[in-house]
Amino acid sequence: MWHINRIHICVISKIVSKSFFLSKSLTKYSTHSKRIVLGIESSCDDTAAAVVDEAGTVLGEAINSQTELHVEVGGIVPHVARDLHQLHIDDVVQSTLHNAGISLEDVDAVATTVKPGLHMSLDVGMKYTKQLLKNTWKPFIPIHHMEAHALTARMIDSSIEFPFLVLLASGGHCLLAVAEAVDHFLLLGKSLDVAPGDSFDKIARALKLVLLPEYQGLCGGAAVELMAKGGDPHAFVRTPIMQAHVNCDFSFSGVQTRFEQQIEKQEAELGLDLNRVLPSVSDICASFQYNILQHLSNRVQRAIIFCHREKLLPLNDATVVLSGGVASNQFLRQGLQRVCEAHGTRLVCPPPKLCTDNGIMIAWNGIEKLKTGLGIEDINSVEVLPRCPLGRDISADVDAASIKVWKIPLL
């Protein structure tokens, strides 16, 4: 077990002082008549909470980000993430209520992420919620993390109606699904190996971007995107990923490995020492990012065609939602926008702040369920689930359809 020693405490204190922030309350409860939900998120490496009303107004929020620490140690260490959640969860929740100008007694329900995620992290949020609601009648709404990501767009754009297509791409997941209702999803495809966000992190680490002062503290995805702005996306041309598989599943391990090998080869040829970054780093980042875009766009295009054929989406005014941490990447957004335009669909992306893990999306998912009377459960009967599929899997139907797609200019 990883215990936080004196050195870790010093590092954590430094990070907390830089990363902990509180949003200002937008509305006071004393003048608020709409139902409100407190959302609590601790599925991975961020401790977050928010109070949101049924109109989508964020009344208050707080978050403690562990990103800087995990970048320093080279990845998320579950025991460390758990200890930091335990250290900060009460402050985060109490600060959220304070910012909203309310007390726990004023909320209509509490929603907490219970699946999927890191078991130790989820467990901290669940145990805290149980203690919080121990002596209260407040309804408890367990939240599926990926469902929350999928529905966040409905908070910022009330014109999004069911059904719609959603691409969720993050550090832990990548999937395509049709959101038919608040609690009903059809899974079209998922990652067969690693998630795109994890691949971005691995490439950033292989390129040693953390050695550059302006990149310190950035997550791998943000670092690669920033570095790629000065690079040539065609510098390292690769064979399209899973070209022979006409489905909506994803695979990122192969392209990640090929680029890692390219990095190692160039470093060996140049005799590069451990404290230097490759001169071609911008081109590598741009090319890697472009490869990821090509793979995502291929799958999204096939999903749109399949959904139209099967009448899973309206032929006119269909919506594609892009969410999850990887959706913060503006290059990927622009490329997928071109795909959607080519198929007469609109692309909706939450603002970057709502793409990464946050308490707002958890609270909003709670609102969605509260309004429909769905998902309220006895907190003592709910268990956390590190692995949990999203909706009903119809990916075999997509595979059987053997839909070929055409090339769309992405740049």
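What follows draws every value from the coordinates through simple rules; no lab data is involved. Here the structure is a predicted model, which means the values were calculated and not measured. Counting neighbours? That spans all protein chains shown, and the Cβs are built from the backbone with ideal geometry, glycine included.
Kindly work out what percent of the DSSP beta bridges joining two residues of the chain are antiparallel, to the nearest 5.
Details: 28 of 47 bridges.
If I count the DSSP bridges inside the chain, around 60 percent turn out antiparallel.
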Next item on the list: State the label only: which of [x] 83, 47, 42; [y] 64, 58, 35; [z] 65, 54, 39 corresponds to Cα extents along the principal axes in Å computed from the shown model?
Entry: [y]
Notebook entry, point to check: Taking amide H positions as placed 1.01 Å from N in the peptide plane, with prolines and chain starts having none, which residues 5 or more places from residue 112, or on another chain, fall under 5 Å of its amide H?
Noted result: 40, 141, 143
Margin query: Running a GNM on the chain with Cα contacts under 10 Å, which residue among 278, 84, 187 ends up with the highest mean-square fluctuation?
Written below: 278
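At a Förster radius of 22 Å, what calculated FRET efficiency corresponds to the Cβ-Cβ distance of residue 402 and residue 330, to the nearest 0.05?
With R0 = 22 Å, the Cβ-Cβ based efficiency is 0.10.
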Next item on the list: Tell me which residues come under 5 Å, amide H to amide H, from residue 193 once H is placed; ignore anything under 5 positions away on its chain.
Entry: 252
Next item on the list: Among the chymotrypsin sites (Phe, Trp or Tyr not before Pro) in the stretch 133-207, which ones are in a DSSP loop with at most 14 other Cβ atoms within 10 Å of the Cβ? Mind listing them?
Entry: 137
Item checked: Whole-Hz couplings from phi, Karplus 6.51/-1.76/1.60, listed for the stretch 402-411; x for Gly and Pro -> 6, 7, 8, 10, 9, 7, 10, x, 9, 10
Next item on the list: Sketch the reach of a paramagnetic label on residue 229 as a point 7 Å from Cα along Cα-to-Cβ, and name the residues of the stretch 178-200 whose backbone nitrogen lies under 20 Å away.
Entry: 200
Next item on the list: Just tell me which aspartates and glutamates come within less than 16 Å, Cα to Cα, of residue 208; anything on the same chain fewer than 8 places away is out.
Entry: 68, 72, 198, 225, 260, 264, 267, 273, 283
Margin query: Greater than 25 Å separation of Cα atoms is the criterion. Which listed pairs, 229/407; 34/138; 353/404; 202/353, meet it?
Written below: 353/404
Check: Say R0 is 41 Å: what FRET efficiency, to the nearest 0.05, do residue 268 and residue 214 get from their beta-carbon distance?
Finding: 0.95
Notebook entry, point to check: Can you give the FRET efficiency for residue 258 and residue 162, using 1/(1 + (r/R0)^6), R0 = 30 Å, r = Cβ-Cβ distance, to the nearest 0.05?
Noted result: 0.15
Next item on the list: In whole Hz, with x marking every Gly and Pro, tabulate ³J(HN,Hα) for the stretch 289-299 from phi via Karplus 6.51 cos²θ - 1.76 cosθ + 1.60, θ = phi - 60°.
Entry: 4, 5, 4, 5, 4, 4, 5, 4, 5, 4, 6
Next item on the list: Obtain the nm distance between the two label points defined at residue 305 and residue 378 by a simple spin-label model: each point lies 7 Å from its Cα along the Cα-to-C-beta direction.
Entry: 5.0
Check: Using modelled amide H (1.01 Å from N, peptide plane; none on Pro or chain starts), what sits under 5 Å from the amide H of residue 117, excluding residues fewer than 5 places away?
Finding: 387
Notebook entry, point to check: From the phi of every residue in the stretch 187-193, what ³J(HN,Hα) in whole Hz does the Karplus formula 6.51 cos²θ - 1.76 cosθ + 1.60 yield, where θ is phi - 60° and glycine or proline is x?
Noted result: 7, 8, x, 8, 6, 8, 9
Margin query: Need the full-extension length gain, residue 238 to residue 57, defined as separation in residues times 0.36 nm minus the C-alpha distance. One decimal, nm.
Written below: 60.7 nm
Item checked: Dipole-positive endmost among 356, 297, 328 within the stretch 289-361 (Cβ charges, Cα centre) -> 297
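Please list, by residue number, every one of the chymotrypsin sites (Phe, Trp or Tyr not before Pro) in the stretch 303-411 that is coil in DSSP and has at most 12 other beta-carbon atoms within 10 Å.
Within the stretch 303-411, the qualifying chymotrypsin sites (Phe, Trp or Tyr not before Pro) (loop, at most 12 other Cβ atoms within 10 Å) are 406.
Sum -39500 (n - 2.57) across every DSSP H segment of at least 4 residues in the chain, then divide by the residue count to get the 222 nm mean residue ellipticity, nearest 500.
One gets -13500 deg cm²/dmol as the mean residue ellipticity at 222 nm.
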